[in-house]
Amino acid sequence: QSAWPKTGLAVVMILFLAVANHFGVWFGALVQNLSTFAKVGSLLLIAIGGVLVAGGDAAVASAAPVEAAKTSIEMGGLVAAFTGIFWAYEGWYQLPFNAAELKKPERDLPLGLIGGMLILIAVYVAINAVYLHVVPFAEMRSIPLKDASGADINNLEAASRTVARAFSPQVASYLTALVAVSVMGAANPNLLSSPRAFYAMGQDGLVPAALQRIHPRWGTPTVAIWTQALCALVIVVTLRGFHDVTAYVVFAGFLFYALTVLGVVYEWCHYLIHT
């Protein structure tokens, strides 16, 4: 099956978000708020619905791990798990990029960081507890990795079963729409916040000066926004596969985070030597 329809959809989403953030912070913030409320509201609805249904213990009796399922902790499994967890961390470093545009940064920045972290923990714990309640771990391990035709099974199968049992199979069929909203909500901050970092780096002479150009009417760093969008387009068109894109981003991210930590250690050692 060709990957171009999915790639084309990703291209359209990137262009839409770039245009939204080009025409002012308020439009980008509106897209972010709508997608966030839709995502969190849907997850809370699933959590509440899952609590009200009986557990999936009846399905466990006949559940047997598939041949390829891992039944013990291995380094590869830990890396795969932490790759997913990494995406939760990815959003936190972007909020301070907007500190200069906050009306009361001394109040709003810590409130956003701490409050957002607490909300994230609550939602993650609630939704995973419901997944394990409705689709017990033994049943999850019995979900095949591929269907009869050899195609990969949707990795949302546990969530789909939860929604189907809490509401109906018809509602579960719309789960992909929730994922699409979630993806857009996760992608938008990269075009809302990251260009602000490029702008600050341009002021410090660390990147080309054009990246600090502000649109005279909309007041947004348009060159930085479209540079970010161009990089994203190159990545999705070149790699295409979702897992390839995420693996690339995680790998590159870890490299720069490691360099950041080494920079802090270097400065700390330099300070101790010269004091």
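The values are calculated or read from the model by the stated rules, or taken from the named source; none is laboratory data. Quantities reported herein were computed from a predicted structural model and do not represent experimental measurements. Cβ: placed from backbone, ideal geometry, glycine included. Neighbour counts: every protein chain shown. For accessibility, only protein heavy atoms count, side chains too; no ligands or nucleic acids. Shrake-Rupley method; radii C 1.70, N 1.55, O 1.52, S 1.80 Å.
The set of residues from the range 1-27 being modelled with pLDDT of 80 or more and of a type in the set (Gly, Ala, Ser) comprises Gly8, Ala10, Ala18, Ala20, Gly24.
For residues that are free of Cβ contacts under 8 Å to residues at least 24 places away in the same chain and open to solvent by less than 50 Å² (accessible area, probe 1.4 Å), scanning just the range 4-55, find the one that is nearest to Val125 (Cα to Cα). Per the stated criteria, the residue is Gly41.
Among the residues of the range 231-250, those that are part of a helix (DSSP H, G or I), modelled with pLDDT under 80 and open to solvent by 90 Å² or more (accessible area, probe 1.4 Å) comprise Phe242, His243.
Contact map, the range 227-241: residues that are within 20 Å of Pro208 (Cβ to Cβ) paired with residues that are modelled with pLDDT of 90 or more and surrounded by 17 or more Cβ atoms within 10 Å (Cβ to Cβ), Cβ distance under 7 Å, separation 6+ or inter-chain. Pairs shown: Ala229/Ile14; Ala229/Ala18; Ala232/Ile14; Leu233/Ile14.
Residue check: is Arg213 touching a Ser or Thr at 6+ places or on another chain (Cβ under 6 Å) and open to solvent by 40 Å² or more (accessible area, probe 1.4 Å)? For Arg213, the condition - touching a Ser or Thr at 6+ places or on another chain (Cβ under 6 Å) and open to solvent by 40 Å² or more (accessible area, probe 1.4 Å) - is not met. Within the range 92-136, the set of residues being at pLDDT below 80 and surrounded by fewer than 16 Cβ atoms within 10 Å (Cβ to Cβ) comprises Trp92, Tyr93, Gln94, Ala99, Ala100, Glu101, Leu102.
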